[in-house]
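Worksheet for the structure shown next.
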Amino acid sequence: MRGAARAVVHTLLLLTSYFSLLTAQAQSPAAVAEFQRLTDSLARSSDTTALRTLLRSSQRHHRSHKADLLPALRSGLVALRLGELRADPDFSEALSSLREAARRDSRRPEPWYALGLAEEGRSAWEMQDRLNLGNRVGMKALERAAAHHHRALTADSGFTPAALALARLTLSLSDTARLARSIPVLRKAAEAGSAVAEVVLSYGRVERSAGRLDPAVGAFRRYLALGTNRALGQLELARTLLASGSPEGEIAYYEGASLADARTASEYRSDLVPLVADSGVAHLMGLTREPLALALAHFWNNRDRLEFRSQGERLREHYRRLHYARLHFPLTISRRFYGQLDAYRSGSMELDDRGIIYIRHGEPSTRLRPFVFGAMPNESWRYARADGDLLLHFSGGFDGNGGGDLYDYRLVQSVLDLRGAADAPQDQLLLSRQSLSPAYARMLNWGRYGAAHARALERSIGAAGIMVGTTTDSYELQFSRRLGVVADLIAVGRSSEGRLAHFVFGIRAGDAALSPLAGETEYRVRARVVAIDGRDRPVATLDTTLLLRSPRPPRPGEFVVGRAELVLPPGKWGYRALLQQGDSAGVILPRDSVDVATTDGGELELSDLALGVKDRSVPWITDAADTVLLAPSKIFRKGSELELYYEVAGVTAGRSYRHEITVLRPEAGRSTRRRPLVALSFEEAAAESRIRSHRTVTLDKLKEGSYVVEVKVSGSGGQTEVRRRSIHIIQP
């Protein structure tokens with residue numbers, strides 16, 4: 001108790017000192033510094049009894065001196081501290097005294113600033129009270145607080161506490177009109193000769209939040225010149241330059257990371273959370289300085305490789321999306337209520353669900369914002385992607401299906417879940433989305449059972465879109481002309497560098513997007529492949545330009561084929577592939593996987609099955625000088641002679657192994673026993689530590705349809721390895 005009492009006495013002495021200085025040196029830097037010392041001292045006072053005594057004394061004094069600012073301001077500051085200690089939880093006493101102080105001398109910044117703090121306290125109290133219902137509880141008090149801080153800074157542009165408070169509230173309120181009003185006074189405060197670095201930094205952040213990137217860059221450069229926190233200054237400069245697409249931002253980004261202390265490192269991590277969630281930044285926890293910079297470079301370079309982008313593109317795009325989302329999809333509410341039927345709960349208090357999706361996937365290919373009478377504001381986005389289109393619906397407002405606010409757009413599974421959809425004409429609702437999917441015409445025009453099936457399909461598409469959209473991210477290349485392509489990645493054979501995977505592809509020669517570059521039968525094509533592990537981390541890449549030649553001009557419908565080699569370590573990998581001609585024509589292929597067998601001896605290992613037919617495949621010369629045909633497609637014509645090649649590793653030279661080659665119908669279930677339609681078996685002795693088997697299978701007895709080619713190799717010790725490949729037979 002004695003310590004608390006001494007703190008109050010110390011505060012009284014500071015009050016006396018401050019008021020003397022205030023009277024003698026109006027609006028001087030010394031007065032501002034003394035005011036900060038005073039508020040800091042009050043913040044250390046926690047004896048509510050002593051503060052109550054001081055408040056009563058101050059109130060008597062200010063009532064007896066009705067024209068004097070100082071007693072009223074002193075009462076307000078003490079009452080403000082009592083409010084912070086919950087002795088006056090709604091800050092009513094502080095608000096009353098500080099309003100009186102502001103009335104007595106409206107030219108002084110201190111009463112307006114303190115009044116703004118009291119309104120912030122009132123806002124926090126209103127938000128905590130569960131009986132205060134609504135989505136904007138406490139927002140009016142925050143708006144009043146911002147107005148009071150603005151008034152304080154207008155009175156004295158050098159009053160640092162008001163400048164910092166105004167910038168903080170302006171950024172949190174996400175109000176474009178308030179941003180426009182705050183910028184002039186903050187600019188004046190930041191450009192003053194006595195401006196402190198924190199004010200310059202805050203001013204730059206407000207300029208950027210308003211979408212004014214050039215003034216923000218200038219402010220952050222001034223902050224760096226003041227030399228306070230270079231790491232933070234470089235990060236803020238990088239955020240702004242990267243948002244404008246400037247490569248200079250990359251230099252600032254990594255320089256800031258290499259200097260980052262724990263506080264600035266947390267800022268770097270926070271910028272990644274909207275993209276990969278908390279779990280995606282776990283590997284960065286505890287990293288600072290050079291280790292942090294290296295980890296961030298690895299993170300972004302991996303994403304560039306995964307998306308076939310140049311180095312730095314994904315980093316720049318991320319900050320452009322962050323900036324855009326904060327400008328266009330901010331939340332202007334203080335609470336988000338979720339119902340049992342809400343399809344997704346982001347928990348974000350900064351962005352609505354459109355912002356979450358935009359940061360992860362960027363600008364949609366199609367964005368619809370139709371007006372349908374009865375339905376609340378809503379949007380639908382479609383992303384055209386190699387792995388299948390992503391379809392997402394957003395709705396503002398609320399009804400029995402959930403939601404909470406007209407300006408809080410949330411993901412819904414179906415167009416029929418849009419807020420107010422039950423009151424809207426269903427035909428108009430479905431017609432407004434016809435361009436997104438044929439499912440909407442079926443929902444409208446099919447019979448009772450067909451429409452029900454279409455509704456279920458549309459809902460499942462929406463549910464899958466939410467799941468994929470909120471857990472993945474993308475920056476897929478787009479081409480104005482799409483190439484017609486078939487392709488496969490076949491892991492068989494090896495080179496001096498290691499195990500081989502062959503990227504075999506065919507491009508439709510009659511496609512308008514494919515034009516000969518050097519004669520009628522010569523085509524230049526860029527092929528790119530990235531192999532990835534289970535966490536989407538690249539393990540190997542291929543980027544090569546091939547010159548494809550055909551012995552004669554291809555007929556319409558025929559394909560020009562090519563092959564490129566990729567060295568892969570053993571294991572099962574996913575992969576993405578891109579074929580491109582120039583900047584305007586290309587295609588990204590759907591994700592697939594490849595299983596690379598171990599060929600270093602030991603256990604019996606069977607490679608991929610290489611299938612091909614003459615005149616429709618690419619020849620590959622193995623390390624044993626054998627010619628193998630590799631087909632880019634799984635489609636073969638009836639009557640073709642299918643050449644099959646595979647390798648068996650882990651064998652013992654001189655020992656005999658049994659080979660069984662069968663062609664089967666696709667499995668109907670695990671327990672189904674299938675009768676082979678084509679069967680071939682033989683014994684073969686290994687000449688060395690690897691068997692290279694080359695056989696021919698005739699397809700003349702197979703009907704049109706899908707089949708599985710299966711190869712089983714067994715050793716005398718009971719070891720068995722099986723590989724399968726799907727094929728499809730069509731008529732000649």
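The values are calculated or read from the model by the stated rules, or taken from the named source; none is laboratory data. All values derive from a computational prediction rather than experimental measurement. Quick reminder, even Gly has a Cβ in these numbers, built from the backbone with ideal geometry, and neighbours come from all protein chains shown.
General observations
- Only one of the numbered conditions (1) closer than 18 Å to Leu275 by Cα; (2) assigned to a loop (DSSP other than H, G, I, E, B) is violated by Ile359, and that is (2).
- Checking each residue of region 475-495 against the condition of being at pLDDT below 90, surrounded by 15 or more Cβ atoms within 10 Å (Cβ to Cβ) and in contact with a Pro (Cβ under 7 Å, 6 or more places away or on another chain) gives no match.
- Scan region 101-121 for residues that are part of a helix (DSSP H, G or I) and under 20 Å from Leu164 (Cβ atoms) and the total you get is 14.
- The set of residues from region 616-628 being buried (at least 21 other Cβ atoms within 10 Å of the Cβ) and either modelled with pLDDT under 90 or in a strand (DSSP E or B) (or both) comprises Trp620, Val628.
- Among residues of region 462-474, those that are buried (at least 20 other Cβ atoms within 10 Å of the Cβ) and among the hydrophobic types (A, V, I, L, M, F, W, C), counted: 1
- Close Cβ contacts (under 6 Å, 6 or more residues apart or on different chains) running from residues in region 567-592 that are surrounded by 15 or more Cβ atoms within 10 Å (Cβ to Cβ) to residues that are among the hydroxyl-bearing types (Ser, Thr, Tyr) comprise Pro570/Thr598; Gly574/Ser593.
- Selection within region 386-401 - buried (at least 16 other Cβ atoms within 10 Å of the Cβ), over 15 Å from Gly355 (Cα atoms) and not small (Gly, Ala, Ser): Leu390, Leu391, Phe398, Asp399, Asn401
- Of all residues in region 248-272, those that are surrounded by fewer than 14 Cβ atoms within 10 Å (Cβ to Cβ) and within 21 Å of the chain's Cα centre (by Cα) total 1.
- Annotation note: of Glu647, Glu643, the sole residue that is out of contact with any Lys or Arg (no Cβ under 7 Å at 6 or more places or on another chain), in the same structural domain as Ile691 (by TED's automatic domain parsing), part of a strand (DSSP E or B) and among the charged types (D, E, K, R) is Glu643.
- Count - residues of region 333-367 that are in contact with a strand residue (DSSP E or B) (Cβ under 9 Å, 6 or more places away or on another chain) and crowded, with 16+ Cβ neighbours inside 10 Å: 19
- Residues being buried (at least 18 other Cβ atoms within 10 Å of the Cβ), modelled with pLDDT under 95 and touching a Pro at 6+ places or on another chain (Cβ under 6 Å) - total across region 173-231: 1
So that you can scan it fast, the table gives a plain yes or no per residue for (1) within 16 Å of the chain's Cα centre (by Cα); (2) assigned by TED's automatic domain parsing to the domain that holds Tyr254:
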site: Arg303; (1), (2): yes, yes
site: Leu306; (1), (2): yes, yes
site: Ser310; (1), (2): no, yes
site: Arg360; (1), (2): yes, no
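- Look at region 286-301: where a residue is among the β-branched types (Val, Ile, Thr) and a partner is surrounded by fewer than 20 Cβ atoms within 10 Å (Cβ to Cβ), sitting 6+ places away or on another chain with Cβ atoms under 8 Å, you get Thr288/Asp261; Thr288/Ala262.
- Taking region 599-615 as the range and being part of a loop (DSSP other than H, G, I, E, B) and free of Cβ contacts under 8 Å to residues at least 60 places away in the same chain as the test, the residues that pass are Asp600, Gly602, Val613, Lys614, Asp615.
- Odd one out for Asp156, checked against (1) free of Cβ contacts under 8 Å to residues at least 60 places away in the same chain; (2) out of contact with any Ser or Thr (no Cβ under 8 Å at 6 or more places or on another chain): (1)
- Residue check, Ile691 of a type in the set (A, V, I, L, M), in a strand (DSSP E or B), out of contact with any Leu (no Cβ under 6 Å at 6 or more places or on another chain) and in contact (Cβ under 8 Å) with a residue 60 or more places away in the chain: no
- Residues of region 147-178 that turn out to be within 17 Å of Gly218 (Cβ to Cβ) and out of contact with any Leu (no Cβ under 8 Å at 6 or more places or on another chain), as a count: 0
- Here Ala282, Ala295, Ala238 are screened, and the one residue that is among the hydrophobic types (A, V, I, L, M, F, W, C), under 28 Å from Thr541 (Cα atoms) and modelled with pLDDT of 95 or more is Ala295.
- The residues in region 273-299 that are under 19 Å from Ala231 (Cα atoms) and either touching a Lys or Arg at 6+ places or on another chain (Cβ under 9 Å) or surrounded by 19 or more Cβ atoms within 10 Å (Cβ to Cβ) (or both) can be counted, and the count is 7.
- Check on Arg524, surrounded by fewer than 18 Cβ atoms within 10 Å (Cβ to Cβ), in a strand (DSSP E or B), at negative phi and of a type outside the set (Ser, Thr, Tyr): yes
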